[in-house]
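See below for the structure under consideration.
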Number of protein chains: 4
Amino acid sequence: MRELNVAIIGGGFMGQAHSLAYAVGPLGADLGATVRRAVLVDNDAAVAQSAAARLGWAEWATDWREVVARDDIDIIDICTPPQLHEEIALAALAAGKHVFCEKPITNISTEAERMVEAARAAGVVTQVGFNYRHTPAIAFTRRLLDEGKLGVPLQFRGTYLQETGFYNTDPNRWRARKATGGSGASGDIGSHVVDAAEYLLGDIVRVNALLRSKGAGAETGWRDDAERIDDDLIDDGGVWICQFASGAIGTFAASSYSSGRKNRLFFELDASRGAVEFDWNSREEFRVSYVDEATDHRGFRTVHTNTEHPDGWWRLAGLGTGYVEISAIQFQKFIRAIVHGDDVERPDFAHALHIQQVMDAVAESAITGEWVDVPRSERS
Amino acid sequence: MRELNVAIIGGGFMGQAHSLAYAVGPLGADLGATVRRAVLVDNDAAVAQSAAARLGWAEWATDWREVVARDDIDIIDICTPPQLHEEIALAALAAGKHVFCEKPITNISTEAERMVEAARAAGVVTQVGFNYRHTPAIAFTRRLLDEGKLGVPLQFRGTYLQETGFYNTDPNRWRARKATGGSGASGDIGSHVVDAAEYLLGDIVRVNALLRSKGAGAETGWRDDAERIDDDLIDDGGVWICQFASGAIGTFAASSYSSGRKNRLFFELDASRGAVEFDWNSREEFRVSYVDEATDHRGFRTVHTNTEHPDGWWRLAGLGTGYVEISAIQFQKFIRAIVHGDDVERPDFAHALHIQQVMDAVAESAITGEWVDVPRSERS
Amino acid sequence: MRELNVAIIGGGFMGQAHSLAYAVGPLGADLGATVRRAVLVDNDAAVAQSAAARLGWAEWATDWREVVARDDIDIIDICTPPQLHEEIALAALAAGKHVFCEKPITNISTEAERMVEAARAAGVVTQVGFNYRHTPAIAFTRRLLDEGKLGVPLQFRGTYLQETGFYNTDPNRWRARKATGGSGASGDIGSHVVDAAEYLLGDIVRVNALLRSKGAGAETGWRDDAERIDDDLIDDGGVWICQFASGAIGTFAASSYSSGRKNRLFFELDASRGAVEFDWNSREEFRVSYVDEATDHRGFRTVHTNTEHPDGWWRLAGLGTGYVEISAIQFQKFIRAIVHGDDVERPDFAHALHIQQVMDAVAESAITGEWVDVPRSERS
Amino acid sequence: MRELNVAIIGGGFMGQAHSLAYAVGPLGADLGATVRRAVLVDNDAAVAQSAAARLGWAEWATDWREVVARDDIDIIDICTPPQLHEEIALAALAAGKHVFCEKPITNISTEAERMVEAARAAGVVTQVGFNYRHTPAIAFTRRLLDEGKLGVPLQFRGTYLQETGFYNTDPNRWRARKATGGSGASGDIGSHVVDAAEYLLGDIVRVNALLRSKGAGAETGWRDDAERIDDDLIDDGGVWICQFASGAIGTFAASSYSSGRKNRLFFELDASRGAVEFDWNSREEFRVSYVDEATDHRGFRTVHTNTEHPDGWWRLAGLGTGYVEISAIQFQKFIRAIVHGDDVERPDFAHALHIQQVMDAVAESAITGEWVDVPRSERS
């Protein structure tokens, strides 16, 4: 059986999370290939060595360029900060590697456009780490939409809330500034719910947003203009409404200051023949209501998807579905696309570019106060 | 003990609901007055007679003008369609009656402005039927905000969803047109969640909205311009974002086409020291999370308010809180304001005017695509 | 239209709760009679006078014998402590009155047997205050069982939990002793869930129980024999299992010491073709799962019953269903049985006797440690 | 760093589930050893070869005796049917191996007693696959009990429900008979909730049970004696009550015929200072209520434990906690006990024996109708 050798760039949190998924995802999943954790790269040698040992990588290295150039590597997995994504991805694509890149694909759409272009030229498989959409309940919603069971989508309402605290305690810190690589609540977590929305309803074509950032002088709220978002300051949260190409409408919220919300990705979708509700914190539950049920039995039903994993016996391990299981599904799709070359539905670079364009439009609208159009994606 | 004689105008659904509340609200509630269901008025004599008999009113009548002129009537309760509100209210106020008016106060803000003016001149007690805010869990949230326990409000997310079906199956029907008295999902149900938002966070100062109406030619969605909202067509639902005077931001959604949602009024409020969640369908639950809890005990707690009714032993009957109990609380506040003349917190005409102005701005924004400012209320 | 005059005996909490229900229940409900709150009786004149005025009763009195003897009274509603039930009920039945009696029908089954006998001889309508079973979601479950939609009941699991605190802080207090009229958690609240079980599954035929009572010397638990239940001491809670005549089995729990449970009546029923779940704290939700659903849509559905009230337009007021609404339904059934003489399903004296016999068997089993048989009810 | 070589006996579902856990559990968890999947054994060579390849084991074999005798193997993991557990475990213990054995430890307590004896003699580390108790919310409940934060446990109510269907469609099949290795709903799934109960409250000392088995002649229910459980027939479900050594009481239910319950392990615990609720289907939620909270803030709070994994950065992967994560925690504890030799809390053979004795007592009580005493465990 074919062996795919992976090199991962970045030994931080995401490098660790991906390591777990590479360890467990291929087991018993009939991917058509074995997956070998070949090299872990981090520019800090101590981190690289320690992480490789702890996470089961055969080798460690500090120079990603050397590793990207190696013939024995099939897959480059990029887990660095976003401002490094383009350079690494372009090198990897030029070397003919399949590339998995953590989200956001980049902080700047023009960089992402070059990555999409290079991926198309290279003819390899790319994917971006929009992991939540792989949750079986979300994927099943997509299937019902494709089959017409839910009718035409009409309204989408999504939120991604955390209680990690304000991104910006000091607007002068690098973390608070886009220019120095920062990313706010809308881009960091809000983009996941935008991804879910586009996965289910297709392209968003225009947005109008209110984002807010905690200013230096404000103890608790955003009471004056100084606290308004500006061209460079990242946001701590916000709200936006949108129109989809299909005619559907949507509303979104993101925040880092939602007490009691450790990690709440939530959405509701109303379509002409039914409605669906999803909450990451009860992610195993597929909840659906159909318009044409008998009156005395109409309402949301809760279907436990935890034995419905799409992948053979692996579903049995899915008696409970956690972060690692979802990550495993994510990489199973990536590996399948490489091995089988077929049309495995997944968020590739072109898709991630469009999400980035939506988030750019959200940020622009928050500054200008105007509706901002989003380019149509190539998928449409 | 003082007796207050009520005349109710309109024997339809709301007349019936108010009758239940007048029957039960005063019982054992120490209001300082007895409340007598004196006259039920409906311009259809058969309806008036039947409804009065069934709902416990001493007399029935068909001419509201005569009844408003009677010396033995203290309170006029208006349950007619909105286009009749102004005329009846002005007459009642001129006659020195206290006036309870169902919502919306009117369909047109200028009418509501005259009603506010007349109410001020008359010096009587007015109230509008924003009943949901009287739910103990909402009122308790307001108290915690007033006491500073939740800190500064930052973000509000509210929805009011029903599955009653599209308002407009034919855009030429009177029901589908504002000019002929129609009111869409945003005004009809969305206004309740706007009321909850303003009750808790104060004035909304600008809004931006997307409303949609099912057009004649559209079977299932709103795919073309014909289905966009126009100047007169009412909406089947929509989304809007807003800014509050306090600096907080908010997002709203309303719809008549949400499968599985019989009557879902829902909101979440993030403030700087805590967050609150409310769902009408579990209305007895007050749900709150505080920022400063110990990490391993931080999260939403669910407090059953069903024995916490503010009104003496009556709370005991509150082992479960339904629509009738909430209506009873609504009228208890109205009666108390009449009897005690003190500052009983309630949605009076001035308040209802502001809600109407917000809804007007939502409708205008949906047509123009621009942010629309809302006048500051007199309360602020 | 016929007028039914009610005299209520007892002006305490239950007298107040019933007053609300008499005030609101008949409104618009097509009962075929008007219901007049004629006399409130309490042996404390001050209580009687005050309660009558506050709760809308035309007269007050202190001598229930005189009132029971009055020709103009049609209905006697007994809200006294249980040890007075038999005497009042027998007198009322002898006078040909219809009798509503709060639960428990008595504390001693032999008393209840005489009441059943007298009711049969009198040929009048009797009912006991098992109010929770009238919740639409429970009544609908019964209907589905009657229609065979759920198949054969197999297992019932019910709990009634409160956090009112231990019944017994001092085992020498009258409240702690059956002989002096006390009733423990199993009898006081557990009997409601036994009523729900028998309403849905028919007769319980034998039980085995563990009840516990907080002893004088125990600070926190029940660590020694002194804290075991004895022949006279009432319980603070307990667990019991049972067999139904149908072959189904069940488990029950009751407690007064369940932190966080203000008033939790909960049950689950597994039947051969489906399952139902009920929680009083979300009493408007009917939750059902069917065995023969498609695999990917199988699970509990939640149907909001709050617009499904059985009684004409009244259902509209049921946009939310609280304690008063449920009480109103309870009295609507009672009045209908009086007016129409037909077979209105309700818990009459014979039914309440059987519940009492089950609770007696539970108490006996807790003392003897043996299975205790329950006589078959007359209904079966 | 020390390397621990594992041989797993049995390539079925549990062998697969354990393989996932061995692959992912050690990654980044600071166990003090690396864990190598050395040999997978199955008496069917084709299964062994295929499973080893698919699940990442270095070798495969068909003769467990040979593998147990190998010097290079440190750990024997037994995933065979229960009737083979004793023989394999005794051989492994005699060879000085650490032994992990799936539950039930055996079907017969006398076998388990010999295993406990041999484990004590060998002085190695043993553990049994009661995996659910490792859920962070359950482990945290234990910690709060140990610290006295919840006071003294008073009442435990647990259920384990599935909808897998009746175990017995034909009482003559081997699956339906204990003698031929069958295990019913009470033993198969009910034992997990008994394990949770003993983990939190200590020894159960006596039980009384009703178990039922679907008889050959019964289409849907268990209407006659033929369907009663007998000495050898396994059960499809049942209910039982128990007394704990501490004086607390409990009730349990298990079933294979609960529509809508894919895998519902649920329990509630009332203690003198607080209460806890757990549901496997929302396993990331720790729900607790304390007696001494302020009245207007008293109720269950929901704490998301999904970032509270006890094991360093690994907690980050716990953004969602699934079956694989829980299994990983299970094996992390096992490995730690081997490496550090310290007192790592885990369910060892002695513990599993006691659970088996409780389940034997449940089965015996269901046949005799009597209370059955359970021996005290060695832990107590």
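The values are calculated or read from the model by the stated rules, or taken from the named source; none is laboratory data. Note that this is a predicted model, so its numbers are computed, not measured. Note that each Cβ is placed from the backbone with ideal geometry, even for glycine, and that neighbours are counted across all protein chains shown. Note: areas computed on protein heavy atoms with side chains; ligands, DNA, RNA excluded. Shrake-Rupley method; radii C 1.70, N 1.55, O 1.52, S 1.80 Å.
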Got a number for carbon plus sulfur as a percent of region D:2-124's accessible area, 1.4 Å probe? 50
Whole percent per 5 Å bin, from 0 to the bin with the longest distance: what is P(r) over all C-alpha pairs of region D:2-124? 2, 12, 23, 23, 21, 13, 6, 1, 0
May I ask you to evaluate 6.51 cos²θ - 1.76 cosθ + 1.60, the Karplus curve with θ = phi - 60°, for each residue of region B:12-27 and list the ³J(HN,Hα) values in order in whole Hz, giving x for glycine and proline? x, 3, 5, x, 5, 4, 5, 4, 4, 5, 5, 5, 9, x, x, 5
For the pair C and B, total buried accessible area rounded to nearest 100 Å², probe 1.4 Å: 3200
Teacher prompt: B:GLU370 distances to equivalent labels in other copies, 7 Å Cα→Cβ, nm: 1.3, 8.9, 9.0
Give me the percent relative contact order of chain D, please, defined on Cα pairs under 8 angstrom at least 6 residues apart. 19
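Hull surface divided by four, with the convex hull built on the Cα atoms of region B:37-192: how many nm²?
12.6
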Relative contact order of region C:2-124, defined on C-alpha pairs under 8 angstrom at six or more residues apart (%): 25
Interface residues in region A:257-278 - accessible area drops by 40 Å² or more relative to the isolated chain, probe 1.4 Å: A:TYR257, A:SER259, A:GLY260, A:ARG261, A:LYS262, A:GLU268, A:ASP270
Seen from all sides and averaged, what is the projected area of the convex hull of the Cα atoms in chain D, in nm²? 19.5
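By average Cβ neighbour count within 10 Å, what is the ranking of D:68-78, B:73-83 from highest down?
Output ranking for D:68-78, B:73-83: B:73-83, D:68-78.
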Tell me, which residues of region A:6-24 get at least 20 Å² less accessible area when the other protein chains come in, versus the chain alone (1.4 Å probe)? A:PHE13, A:GLN16, A:LEU20, A:ALA23, A:VAL24
Cut-off under 5 Å, modelled amide H: who pairs with B:ILE234 long-range: B:ARG177, B:LYS178
Here the correct list, in nm and shortest first, of distances from B:ASP343 to the same site in the other copies, label points 7 Å along Cα→Cβ, is 6.3, 6.3, 6.7
Identify, for chain D, the residue whose C-beta comes nearest the rotation axis onto chain B, and round that distance to whole Å. D:ARG301, 2
List of region C:140-162 residues, accessible area with partners at least 20 Å² below that of the chain alone (1.4 Å probe): C:PHE140, C:VAL152, C:LEU154, C:GLN155, C:ARG157, C:LEU161
Whose amide H sits under 5 Å from the amide H of C:LEU154, counting only residues 5 or more places off or on another chain, with H placed in the peptide plane? C:ASP270, C:ALA271, C:SER272
One decimal, nm, shortest first: give the distances between the label point of A:ALA294 and those of the same position in the other copies, each label point 7 Å from Cα along Cα→Cβ. 1.9, 4.9, 5.2
Order by protection proxy (mean Cβ within 10 Å, highest first), peptides D:245-256, B:51-62, B:9-20: D:245-256, B:9-20, B:51-62
In straight Cα distance, which aspartates and glutamates are under 18 Å from D:LYS97, not counting same-chain residues fewer than 8 positions off? D:GLU3, D:ASP63, D:GLU66, D:ASP71, D:ASP72, D:ASP74, D:ASP77, D:GLU86, D:GLU87, D:GLU117, D:ASP342, D:ASP348
Using θ = phi - 60° and Karplus 6.51 cos²θ - 1.76 cosθ + 1.60, couplings along region D:108-123 (whole Hz; Gly, Pro as x): 10, 4, 4, 4, 5, 4, 5, 5, 4, 4, 5, 5, 5, 5, 6, x
Keeping every protein chain present and rolling a 1.4 Å probe, give me the accessible area per residue for the protein assembly as shown in Å². 32
Based only on Cα atoms, what mean projected area does the convex hull of the protein assembly as shown have, in nm²? 53.2
